[in-house]
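The values are calculated or read from the model by the stated rules, or taken from the named source; none is laboratory data. Computed from a predicted structure; not experimentally measured. Here the Cβ positions follow ideal geometry from the backbone for every residue, glycine too, while neighbour counts run over all protein chains shown. The accessibility values were calculated without ligands, DNA or RNA, using every heavy atom of the protein model including side chains. Shrake-Rupley method; radii C 1.70, N 1.55, O 1.52, S 1.80 Å.
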Amino acid sequence: MSETERRFDLYGDGFKRDPHPTFTAMRREAPIWQQAGLDGSTPIWFVSRYADVDAMLRDKRFVRDAALAHDPADLPPEPELLRRIGQHMLNHDGVDHQRLRGLVSQAFTPRRVAEMRPRVRAIADGLLEPFEGRGSMELIGDFAFPLPTTVILEMIGVPGEDRDRVRVWGNALLAAPRDADEGRVLEAQMVEFADYVAALVEERRAHPQDDLLSGLVAAEEAGDRLSLDELLSTLVLLITAGHETTVNLIANAVLALSRHPHVRDALAAEPAAMPGAVEELLRFDGPVERALNRWAAEDVEWGGQTIRRGDPLILILGSANRDPDRFEAADVLDPARSPNPHLAFGKGAHYCMGAPLARLEGEIALNALLARLPGLRVAVPEEDLRYRFLPGFRALEALPVAWDVAG
Ligand code: HEM
């Protein structure tokens, strides 16, 4: 087989609809497998077993910063846009990563996040109230998107009315263009995102307040801790990571519960069981299917394969989370599963910084939905459900739902 041929289809509609038969075959037949990536030519190692994904995420020989895995002459020049908005913790390793993460991590500790519980609940209730008597809604646009987006924008200190523009920009950042025209549109949107964030910074520099954004501006002004590009990049990362993922936690969970009505009804009767159920829903169909690409910083022998310095790798979290060698009855949705060492938030140095917030939002959102919208279910045939073209993410385009209305 040539390197450009793909043994496993990891991008088609059928795969998106149900990736698990493919993942099962990969884990069994080719757990560390090199084939062409999305561009149809670059060979990428795909890793599908839990033990490998878990160990590689913690192994410092696999890095996020391509510069640590290549000779400078072999790297293409960094695009201007990436220089402006790509200088954040998730694109760095070692001390730079620690410095960038350290500047914001205090805002996301479980204690700080727990203080936000009443506010998150109020936002969830406020979004659902107008719909209660109606019997139907489009779950993503009406609820799953505005909830986490309002929360993260308020935390940072960004005007809430900019929510819908943020939705376009977040998509531009994550989407893979299907052709050159689409590529240009997405790039223009990302430039708009960068300009928007730069304007926010200048506004807050002039009028500091008591919010995360002002804290970051102060760190940038202190000079040695954060550059302006790093500041803009961090804001773009927080805004995007803070909403694109939790939206899909809520939507994927509602889809799973609609397919498992006995689980839905049991949870509706016992809200205290929701935190455990959220963990299981993250394992079962988490929003992030694949960790971001890693590069091998040196030659590595692994599982009978030779991974060369500079080779890119994709670690498939969604496959690891269904590995029967790690999870009993891995394909069964069991909200009482314990322990549940899923990898939906990644592992190691880049373990999701927003995990406490995402867990809180997931718990509050799902409990509010089940309490207010009895018999919540998907309102369209399964074949009408469409996934966004975001390789690496499990993101439905829309999720029409219905519920029982008295009278
Ligand atoms: C259910 C929702 C979420 C899921 C499933 C999720 C998943 C992940 C995963 C898998 C990673 C690691 C990526 C990798 O190693 O390649 C990550 C990193 C990250 N996440 Fe989340 N995330 C969620 C929500 C959030 C929220 C609400 C925030 C809030 C701002 C956030 C902020 C971050 C940040 C800043 C990083 C980078 C950490 C680092 O590089 O040290 N995430 N997330």
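Worth a mention:
- Relative to the current alpha-carbon distance between L68 and E301, full extension at 0.36 nm per residue lengthens the span by 82.0 nm.
- Only one residue of L226, V113, V166 has its Cα farthest out toward the positive end of the dipole of the chain, where Lys and Arg carry +1 and Asp and Glu -1 on Cβ, and that residue is V113.
- Each part gets one Cα centre, and for the range 142-177 versus the range 202-246 those centres are 16 Å apart.
- Taken about its Cα centre, the chain carries a charge dipole of roughly 860 debye when the Cβ of each Lys and Arg holds +1 and the Cβ of each Asp and Glu holds -1.
- Scoring 198-206, 93-101, 55-63 by mean Cβ neighbours within 10 Å over their residues and listing the highest first yields 55-63, 93-101, 198-206.
- Rolling a 1.4 angstrom probe over the range 115-171 with all protein chains present gives an accessible area of which 48% lies on carbon and sulfur atoms.
- On the beta carbon distance between D211 and A355, with R0 = 22 Å, the FRET formula returns roughly 0.55.
- Per residue accessible area in Å² of the chain, where ligands, DNA and RNA are left out and the probe is 1.4 Å: 44 Å²
- Leading residue at positive end of dipole, the chain (Cβ point charges), from I123, P261, F145: P261
- The calculated FRET efficiency for E138 paired with D162, based on their beta-carbon distance and R0 = 25 Å, is about 0.75.
- Bridge type composition, the chain - antiparallel percent by DSSP, nearest 5: 85 percent
- Here the simple spin-label model places points 7 Å from the Cα toward Cβ, and for E203 and E328 these points are separated by 5.4 nm.
- DSSP H segments from the chain that extend 24 Å or more along their own axis, Cα-based, with Kyte-Doolittle mean of 0.0 or above: 228-259, 355-372
- Ordering of 300-312, 247-259, 344-356 by packing [mean C-beta count within 10 Å, highest first]: 247-259, 344-356, 300-312
- Distance (nanometres) between label positions extended 7 Å along Cα→Cβ at L81 and A180: 1.6 nm
- As a rough guide to protection, the peptides 326-338, 24-36 ranked by mean Cβ packing within 10 Å, highest first, stand as 24-36, 326-338.
- Charges were assigned to the Cβ only: +1 to each Lys and Arg, -1 to each Asp and Glu. The resulting dipole of the range 18-76 about its Cα centre is roughly 260 debye.
- Inter-label distance, nm, simple model (7 Å from Cα along the C-beta direction), R7/E192: 4.3 nm
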